[in-house]
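Below is one structure, written out as structure tokens, with a few remarks after it.
Nothing in this text is a laboratory measurement; each read-out follows from the coordinates by a stated rule. The model shown is predicted, which means the values in this text are computed figures rather than measured ones. In this analysis, Cβ positions are derived from the backbone assuming ideal geometry, glycine residues included, and neighbour counts consider all displayed protein chains.
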Amino acid sequence: MEASPVHFYFDFISPYGWLASMRIEEIAARHGRRVEWHAMLLGVAVMKVMGLKPLLDTPLKGDYVRRDVARHFRRLGFEPARAAGDPAMDPLPAARAFHWVKQRHPELAGAFARAVYDAYWRGGKDLSTAQALVSIALPDGIDASALRAAIGSDEARQLLRQAVEASLAAGIFGSPTVVVDGESFWGVDRLGDVDEWLGRGGW
């Protein structure tokens with residue numbers, strides 16, 4: 001009997017989500033788990049539901065996050081083209097594209113998410129349009145013309161709407177959040193806890 005998946009919730013505009021996306025598959029595989037990827041929207045969870053300002057617009061905390069993200073990048077030897085304080089793209093097209101890919105090619109969902117993350121953060125590309133999204137290095141098996149048409153479709157809009165509603169119902173408010181056997185871990189700095197939880201079977 002297959003063990004339940006590790007659920008990984010993220011927003012493409014989240015640098016912490018990007019950092020976690022590079023490690024989550026390895027952590028899950030080490031414990032015989034697969035990863036279920038879920039794109040969510042911080043704009044809905046943080047601003048509309050929680051009634052808070054975007055993290056970078058929050059006094060004191062915004063300055064800390066800019067320094068903290070840069071510190072993470074330096075530690076890993078990254079020199080991405082985008083910094084945490086740069087203007088964020090409109091995440092809707094990328095999130096719609098992700099959920100369309102997940103629906104049509106579920107085995108490629110993780111690879112597609114990582115490709116978008118890499119193009120946006122490491123490459124510094126603005127992926128706010130369908131044309132920009134299909135111009136990145138797509139995983140084999142994803143047809144660029146079909147994806148471009150899908151991004152503006154009612155199907156993709158509905159899939160994202162359902163995914164966002166499901167994430168809120170699950171209590172997800174930040175990126176990244178990892179859910180293991182019903183237990184939530186928020187933040188890239190909690191990946192060590194996720195690894196230990198999987199290894200010990202909880203505590």
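Only bridges with both residues in the chain count here: give the DSSP antiparallel percent, nearest 5. Write down the numbers at each step before the final one.
On the way: 7 of 12 bridges.
In the chain, approximately 60 percent of DSSP beta bridges are antiparallel ones.
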State the Kirkwood hydrodynamic radius of segment 6-200 in Å, one decimal place, computed from all pairs of distinct Cα atoms.
17.0
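Once every DSSP H run of n ≥ 4 in the chain is given -39500 (n - 2.57) and the sum is divided by its residues, what mean residue ellipticity at 222 nm do you get, rounded to the nearest 500 deg cm²/dmol? Please report the intermediate quantities before stating the final value.
Values: 9 runs with 91 residues, N = 203.
The helix contribution divided over the chain gives -13000 deg cm²/dmol.
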Would you mind telling me which residue in Gly141, Gly123, Gly17 has the biggest mean-square fluctuation in a Gaussian network model of the chain, where springs connect alpha carbons within a distance under 10 angstrom?
Gly141
Segment 88-199 - percent relative contact order, Cα under 8 Å, separation 6 or more
24
Roughly how many nanometres apart are two label points built 7 Å out from the Cα toward the Cβ at Leu168 and Ala70?
3.6
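When each pair of different Cα atoms in segment 123-183 is counted once in the 1/r mean, what is the Kirkwood radius in angstroms, to one decimal?
Values: mean 1/r = 0.0715 Å⁻¹.
Here the Kirkwood hydrodynamic radius works out to 14.0 Å.
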